Amino acid sequence: MRKLGLTFFSLFLSVLLYAQSGITVLTGRVVNRQDGRALAHVSVSTPDESLSTVTNDDGEFTLKTPVRPTHIVFSHLGFRTQRVSIGSQTEGLKVRMVPSAILIEEVVISANEPLEIIRAAIRKIPENYPVVPSLMHCFYRETAQKGSRFIAVSEAVTDMYKTSYRYGPQYDAVQIVKGRRLMSTRSSDTLGVKVMGGPIIPIMLDAVKNSELLLNEEELFHYNLKTELPEKIGERAQYVISLSPKYLLTRPLFYGKLYIDQESLAFTRVELQLDMADRGLATEYMLVRKPRGLHFNPRELSTTINYKTVDGLTQISYVRNVIRFKCDWKRRLFASSYTVTTEMVVTEQLQGNNVHSIRGRDSFGYRDYFYDKVAFFDEPDFWGAYNIIEPTESLEHAIHKLKKLNQ
């Protein structure tokens with residue numbers, strides 16, 4: 001496993017964009033029809049899936065399209081895919097998604113079957129994933145909280161260049177197209193800690209492409225694998241395979257789940273949580289740098305990677321990474337809790353003549369600081385026609401307070 005580099009206060013969330021005149025803006029909220037609960041991280045896309053976004057923690061979304069669609073499509077783990085007609089109303093749409101049920105046939109599962117399913121899915125990667133380069137427009141956001149209070153918000157529209165899935169991520173790259181940051185000016189909020197992450201994290205956390213992370217024989221040997229009850233993503237049944245460490249190594253392993261399409265054997269979702277049994281090993285994995293005299297106490301590192309299949313090919317569509325830790329200075333009585341959340345959603349994908357590689361100064365490096373690439377910016381129409389993830393109510397309130405601090 002390769003250690004990822006990112007800055008704590010250079011928090012960002014990448015969402016892909018589309019810039020044209022005559023934009024139609026669709027807004028609404030997605031809930032569970034059974035209990036009315038808001039559904040976060042629901043995929044929202046046009047019928048041809050050329051443009052997409054995801055709902056925020058309050059279930060809200062904003063989708064900007066150059067051509068007014070007749071329908072928009074909603075997809076989420078454990079729920080039926082839903083197509084919603086677009087009539088005269090384009091704002092304040094209320095979407096009620098229906099949980100999906102899977103009829104379970106009685107089957108006998110051998111102890112080796114989970115590993116065999118994973119091996120079969122790995123063998124089919126060249127068939128299920130693109131073998132030609134692609135360029136993705138994305139929206140990226142990082143947020144940092146001290147306790148329950150937001151102290152930093154960084155956002156960017158990015159381009160992400162992906163080579164063939166037959167190769168690793170070494171030639172993949174990210175560049176920032178447009179970005180902004182809002183940070184607390186309180187001296188007590190300035191921690192100076194650098195943890196894993198940054199705009200490069202969607203490349204390193206593409207578990208299907210970056211086989212060093214998990215999906216290789218050497219890594220899988222260290223895990224207990226178990227076939228769980230199947231679930232649905234949209235209308236497609238998924239194998240669900242849980243994994244847990246067999247033992248402690250000199251580096252931390254993961255707990256998690258792999259979702260594999262039962263028909264195509266494509267990896268469709270990966271959920272990982274870093275094993276915190278050895279806090280020292282977890283610190284080595286998560287922490288890049290800290291000031292002298294500061295005590296770093298890791299609490300959680302969890303990652304979700306979603307993949308979407310379009311025209312028979314599957315590719316990364318959404319990444320969410322959450323890091324929780326405590327920090328305290330020597331001789332201080334209490335420690336402060338921090339949460340760093342990174343999100344990236346692919347909003348548009350280009351192939352063919354529209355694809356170009358990202359090189360040199362345009363490429364965002366592993367050791368680059370996100371806040372050095374973008375500036376403090378306050379402009380109501382800053383994002384224009386780009387697709388972004390709608391802020392949650394608490395995030396909007398936090399941004400308003402941070403703006404006041406910077407005035």
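The values are calculated or read from the model by the stated rules, or taken from the named source; none is laboratory data. As the structure is a computational prediction, the values presented were derived from the model and not from experiment. So basically every Cβ, Gly included, is an ideal-geometry build from the backbone, and we count neighbours across all protein chains shown. Just so you know, the surface numbers come from the protein's heavy atoms only, side chains and all, with ligands and any DNA or RNA stripped out. Shrake-Rupley method; radii C 1.70, N 1.55, O 1.52, S 1.80 Å.
What the table below lists for this structure:
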| read-out | value |
| --- | --- |
| Protection proxy ranking of 384-390, 278-284 - average other beta-carbon atoms within 10 Å, highest first | 384-390, 278-284 |
| Chain lengthening between T27 and T190 when straightened (0.36 nm per residue, less Cα-Cα) | 55.1 nm |
| With every protein chain in place, the chain: carbon and sulfur % of accessible area (1.4 Å) | 47 percent |
| Selection from V84, S52, V195 lying farthest towards where the dipole of the chain points positive, charges on Cβ | V195 |
| Charge dipole magnitude, Cβ of K and R +1, D and E -1 - the chain, Cα centre, debye nearest 20 | 1540 debye |
| Additional length obtainable on full extension of the chain from R299 to E116, 0.36 nm per residue less Cα span | 62.6 nm |
| Proximal lysines relative to K326, as straight alpha-carbon distance under 18 Å, when same-chain residues fewer than 8 apart are discounted | K146, K194, K290 |
| Positive-end residue of V310, G293, P380, charge dipole of the stretch 280-380 with Cβ unit charges | G293 |
| Residue of T53, T24, T65 that the Gaussian network model of the chain assigns the largest fluctuation, springs spanning Cα pairs under 10 Å | T24 |
| Charge dipole (debye, nearest 20) of the stretch 77-196; +1 at Cβ of Lys and Arg, -1 at Cβ of Asp and Glu | 560 debye |
| Among A266, A144, A38, residue whose mean-square fluctuation peaks in a GNM of the chain (springs only between Cα atoms under 10 Å) | A38 |
| Of S134, S317, S187, the one that fluctuates the most in a GNM where the chain has Cα springs shorter than 10 Å | S187 |
| Neighbour net charge for H71 - beta-carbon separation under 14 angstrom, K R +1, D E -1 | 0 |
| Modelled FRET efficiency - R0 51 Å, I102 with K404, Cβ distances, 0.05 increments | 0.55 |
| Between the stretch 298-351 and the stretch 126-181, the alpha-carbon center distance in angstrom | 11 Å |
| Size of electric dipole in the stretch 139-246: Cβ of Lys, Arg +1 and of Asp, Glu -1, about Cα centre, debye, nearest 20 | 540 debye |
| Cα-Cα P(r), the stretch 165-296, percent of pairs per 5 Å interval | 2, 8, 13, 16, 17, 15, 13, 8, 5, 2, 0 |
| Spacing of the two label points (7 Å from each Cα toward its C-beta) at E219 and S242, in nm | 2.1 nm |
| Projected label distance in nm at V177 and Q262, using a 7 Å step from Cα toward the beta-carbon | 3.8 nm |
| Dipole of the chain [Lys/Arg +1, Asp/Glu -1 at C-beta], most positive-end residue of L350, V322, L213 | V322 |
| Calculated [θ] (222 nm, deg cm²/dmol) that DSSP helices of n ≥ 4 give over the chain, each run adding -39,500 (n - 2.57) | -3000 deg cm²/dmol |
| Förster-model FRET efficiency, 56 Å R0, D328 and L229, C-beta, rounded to 0.05 | 0.85 |
